[in-house]
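Structure first, then comments.
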Amino acid sequence: MKKVVSALLVTASLFVGSVASFAYSEESVSIIPTRMQAGTILEYDGSNQMVILEKGEPVNIPSVYQGQTTKSVTQKVDLDKLRIEEEFIEKIKEEAKNLPVYKVENPLPQPGLKVIYDGEGYIKEFVFPQGNDFALAAYKALPRGTRKAAGTYTYGNNNNKITITKSTVLGEGRFTNFTDTTGENSNTLKKGDAATRGDIDNPKYEQT
């Protein structure tokens, strides 16, 4: 049975920094900006020049953290369970050390391509032109209950990594916490449910 593993957080440190600002050159069309202001929507025109369709807002640190340099929150955890999980993760990494490593690259700019950025300024999705309509083409989930070949898949700018071995899947990197009660296919969500990147690993519901 495949096991989906998430790292257990023991101590979290929250760092307050300055408001992020992003600069880009409209003449540079070889690389899509990996980060913009929050909520930005851009599109590449017929000359492959970047056009801002919707200007985003600065990415601000939440006010609850303003005026603090560092705040540590320590959660009470079962150290035995933590040790077992860490050993299991190391076992997966050892099994995967000789497997291929794949880097999932962003697409290159092309006329008609739209790029939508999320609330933190990171790329949320790519929308490619298809006739007169736009269809989401960059992300295409695998059939339910399947995954890519064994190996390590890296993507994004937050050290995101999915490691697939014969019997396990390990996800590492930046994650987002959602408060939804219903999943994308009308399934009821409960404590402990987690999402993964469906174009790399798309397990069945309630799979452990």
On the basis of being closer than 30 Å to Lys204 by Cα and modelled with pLDDT of 50 or more, does Ile92 make the cut? yes
Residues that are under 30 Å from Asn48 (Cβ atoms) and either among the β-branched types (Val, Ile, Thr) or in a helix (DSSP H, G or I) (or both), drawn from segment 79-125: Val104, Val115, Ile116, Ile123
Out of the residues in segment 81-104 meeting the condition of being β-branched (Val, Ile, Thr) and more than 22 Å from Asp199 (Cα to Cα), tell me which one is surrounded by the most Cβ atoms within 10 Å (Cβ to Cβ). Ile89
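The values are calculated or read from the model by the stated rules, or taken from the named source; none is laboratory data. Predicted model only: the values in this text are computed from it and were never measured. Cβ: placed from backbone, ideal geometry, glycine included. Neighbour counts: every protein chain shown.
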